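Here is the structure we will look at, set down as structure tokens.
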Amino acid sequence: MTRLRRKDAAKAIAMVAVVGFALLVPVFATDPATTNIAVFTAMYVGLATSWNIMGGYTGYISLGHAAFFGFGAYALGVMLAHLGIPSGFEPFLFVPVAGILTALLAVGIGWVALRTRAATFVIVTIAMMFMIQLLAENLSGLTGGGAGLSFPVPPWSGDFYNTPFYYAMVVIALLALGVSWLIRRSKFGLGLLAIRDDEDKALAVGVPARAYKLTAFIISAALVGMIGAVYGYYVTYIYPQFAIDPLIGISMVLMVFLGGLGTLWGPVLGAVILEPAQLSFAYTFGASKLYLVFYAAVFLLVILLLPRGIIPSFMDLVARVRRRRAVGPSAPAATASDPHAVAGIQSP
Amino acid sequence: MTLVLEAVIFGILTGGVYALMASGLTLIFGVMRIINVGHGALVILGAYLSFALFKSAHIDPFLSLVATMPAMFLIGVVLQVVFVRPLKDNREALSVLVTYALALGIEGLLGFIFSNNLVQLNAWYETSSFAVFDFHIAYVYVFGFGLCLAILAAMFVILYRTDFGAAIRATMLNRTAAQLIGVNVDRVSALAFGIGVSTAAAGGVVFGLTNAFNPGSHYDLISRLLTIIVLGGLGSLRGAVIGAVLMLIVEDVAAVVISPVWANFVFFVILVVVLVVRPQGLYGIRVRERI
């Protein structure tokens, strides 16, 4: 018992440290170049975590989440323009509204896309993304079409400019993490994992698979839409190919796979590793398309060398080392001296 | 009415090249159960190879296929062996990501070598046309259609009239059973991937003759190709051919009847309708495997 409690306490302390560190970033890193990286990293932490709620827990791989991202950005932009909302902190109040609108879109898309499974689902999500992109292009009365849509320019300047956006991204990322954590602990979450492992058996034991999948899809999309909304206000100008960018959609997926599909902290780890790397690639190679080649190379290395992701691979390694220690010739001594040896037997 | 009729004819002619590209894609899916998201990029790569041969040696684009198709076949085999074969667990999902990464790599490489400016393949038949009744049809569409038809026919002959084709079809039907009766599934997979990629080269030439393209064009292309093979039913060659022609006819007619801006959108509307009415596609069997 005490051992378990000590482990929980350690976990809680680690979590407070991570959150505290995240909240303090703008205090010790003030120059805009660094905080810009921080904004995008926090953004991808949120995106990867939200994507994982659908892709990781249910096993339904959506490559079209960029649609929700861009839709959220457009939703906020159109609202700000049509309601005449001034720049400042007010637009942030409308971010949840953008999230709700994205959720409504996800109901429609999910209802159609979730009629399919496996490979077909992946394809349908890609197609849906291009459909939304085309809509953003064609509904030019609302979205500005190919000419793009401008947001009110934020009034802040200098070192402070990035700070409100950073905190907005962190708040949504924490919200996504909280939701992800709650889902993992709930009966709903168990149902999602059952769907991932074997949907037909899950149905047979009474998991309302269709409703569960759709719910996970909507939650995931709404969070991504909110992040997109903040992003739109941050970059202040969006156009269809830029807001609904397939690269954004694939990046969040890659981060989840790097960190660990279906784990709580995997997406966070993946985003924290990959996004700064991605930004420095883009910075080093600038306009040159060579940056894409490097990105693809990293991508391939991750999938081929670490197909299960960092956290599950690491957990496996730890479990294997402990088991070896526990059953090896010097086992009794090791068990006695190592307080974690028994607790180390974890499900992979 | 004449306009609609003209649109139907153009739909059929342009549908041919999409049928060819989609067949390669659906063949790869059928044999390996993987979605090759990089197929569009491979088509564009094929187009650029012919473009380079034309620029450097003034080789006719159609003629250049003699060199580019075997080259692309080899590229396909190598890609399959190096990147797709090592995937073991969670193959369907990981293969999507791997082929996506390949698409990005090809896009980046092409952008680095050829820049992002739009280019188009040139040949004498690209601008000259002939009249049928009241329509003027450019030779390039007819030649392209003929080429696609010929390659499709060759593909069907290989698949349905040779032992190797039987091995491919057996693998498509049931991988494990094929293995049990002595089919070397790994070898079949690599060769099928190579065939799919080499047809992409042919598709690339026809696409490049009739459309301006740049390294980023693969996104538009793959979204259409994927829609077509879902419409036809994943893994069904017949479905891919019929789906492609159907889609292109509807798109071209919609461009005339509704507006060119919304023609693309009709593509996706059809997809939604098909998914609601018949999620397995026209000729598909319902995919039951978990991802």
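Does the stretch B:143-160 include one or more residues that are over 25 Å from B:Phe83 (Cβ atoms) and not in a helix (DSSP H, G or I)? Scanning the stretch B:143-160, I find no residue that is over 25 Å from B:Phe83 (Cβ atoms) and not in a helix (DSSP H, G or I), so the answer is no.
Inspect the stretch A:140-162 for any residue being surrounded by 19 or more Cβ atoms within 10 Å (Cβ to Cβ) and at the interface with another protein chain (Cβ under 10 Å from one of its Cβ atoms) and give the result as yes or no. For the stretch A:140-162, residues surrounded by 19 or more Cβ atoms within 10 Å (Cβ to Cβ) and at the interface with another protein chain (Cβ under 10 Å from one of its Cβ atoms): absent. Counting the residues of the stretch A:112-139 that are outside any loop (DSSP other than H, G, I, E, B), at the interface with chain B (Cβ under 7 Å from one of its Cβ atoms) and of a type in the set (Ser, Thr, Tyr) gives 1.
Go through the stretch A:174-201 and report how many residues are charged (D, E, K, R) and within 14 Å of another protein chain (Cβ to nearest Cβ). Total meeting the criteria: 6.
Could you check, for the stretch A:288-302, whether at least one of its residues is surrounded by fewer than 17 Cβ atoms within 10 Å (Cβ to Cβ), of a type outside the set (D, E, K, R) and either in a loop (DSSP other than H, G, I, E, B) or more than 13 Å from chain B (Cβ to nearest Cβ) (or both)? Yes. When B:Asp163, B:Asp186 are screened for being out of contact with any strand residue (DSSP E or B) (no Cβ under 6 Å at 6 or more places or on another chain), farther than 23 Å from B:Val78 by Cβ and among the charged types (D, E, K, R), only B:Asp163 passes. Screening B:Gly233, B:Gly196, B:Gly243, B:Gly239 for residues that are within 10 Å of chain A (Cβ to nearest Cβ) and in contact with a Ser or Thr (Cβ under 9 Å, 6 or more places away or on another chain) leaves exactly one candidate, B:Gly233. If you filter the stretch A:303-312 down to residues that are in contact (Cβ under 8 Å) with a residue 12 or more places away in the chain and more than 9 Å from chain B (Cβ to nearest Cβ), you find that the one that is surrounded by the most Cβ atoms within 10 Å (Cβ to Cβ) is A:Gly309. Looking only at residues of the stretch A:274-287 that are more than 14 Å from chain B (Cβ to nearest Cβ) and in contact (Cβ under 8 Å) with a residue 24 or more places away in the chain, we find that the one that is farthest from the chain's Cα centre (by Cα) is A:Leu279. When B:Asn116 is tested against (1) within 18 Å of B:Ala190 (Cα to Cα); (2) not in a helix (DSSP H, G or I), exactly one condition is not met: (1).
B:Leu121 meets the stated requirement of being part of a loop (DSSP other than H, G, I, E, B) and either within 21 Å of the chain's Cα centre (by Cα) or facing another protein chain (nearest Cβ under 10 Å) (or both). Go through the stretch B:200-222 and report how many residues are within 8 Å of B:Gly40 (Cβ to Cβ) and either hydroxyl-bearing (Ser, Thr, Tyr) or modelled with pLDDT of 90 or more (or both). Matching residues across the stretch B:200-222 total 5.
Tell me, yes or no, whether the stretch A:53-68 has at least one residue that is farther than 26 Å from A:Arg117 by Cα, β-branched (Val, Ile, Thr), touching a helix residue (DSSP H, G or I) at 6+ places or on another chain (Cβ under 7 Å) and in the same structural domain as A:Gly144 (by TED's automatic domain parsing).
No, the stretch A:53-68 has no match at all.
A single member of B:Gly203, B:Gly208, B:Gly235 is touching a Gly at 6+ places or on another chain (Cβ under 9 Å), of a type outside the set (Asp, Glu) and at positive phi, and it is B:Gly235. Within the set A:Val107, A:Val124, A:Val78, the sole residue that is more than 30 Å from B:Ile35 (Cβ to Cβ) and of a type in the set (Val, Ile, Thr) turns out to be A:Val78. Kindly indicate which of B:Leu65, B:Leu53, B:Leu49, B:Leu42 is touching a residue at least 12 places away in the same chain (Cβ under 8 Å), within 23 Å of B:Gly235 (Cβ to Cβ) and assigned to a helix (DSSP H, G or I). Exactly one residue qualifies, and that residue is B:Leu42.
Quick check on this structure: which one of B:Leu109, B:Leu87 is in a loop (DSSP other than H, G, I, E, B), of a type in the set (A, V, I, L, M, F, W, C) and within 14 Å of another protein chain (Cβ to nearest Cβ)?
Criteria check complete, one pass: B:Leu87.
Residues in the stretch A:263-284 that are buried (at least 21 other Cβ atoms within 10 Å of the Cβ) and of a type in the set (Ser, Thr, Tyr): A:Thr263 alone.
Given the condition touching a helix residue (DSSP H, G or I) at 6+ places or on another chain (Cβ under 6 Å), farther than 23 Å from B:Leu42 by Cβ and at the interface with another protein chain (Cβ under 9 Å from one of its Cβ atoms), answer yes or no: does some residue in the stretch B:215-226 qualify? There is no residue in the stretch B:215-226 that is touching a helix residue (DSSP H, G or I) at 6+ places or on another chain (Cβ under 6 Å), farther than 23 Å from B:Leu42 by Cβ and at the interface with another protein chain (Cβ under 9 Å from one of its Cβ atoms).
The values are calculated or read from the model by the stated rules, or taken from the named source; none is laboratory data. Keep in mind it's a predicted model, so treat the numbers as computed, not measured. Don't worry about glycine lacking a Cβ; one is built from the backbone with ideal geometry, like all the others, and counts go over all protein chains shown.
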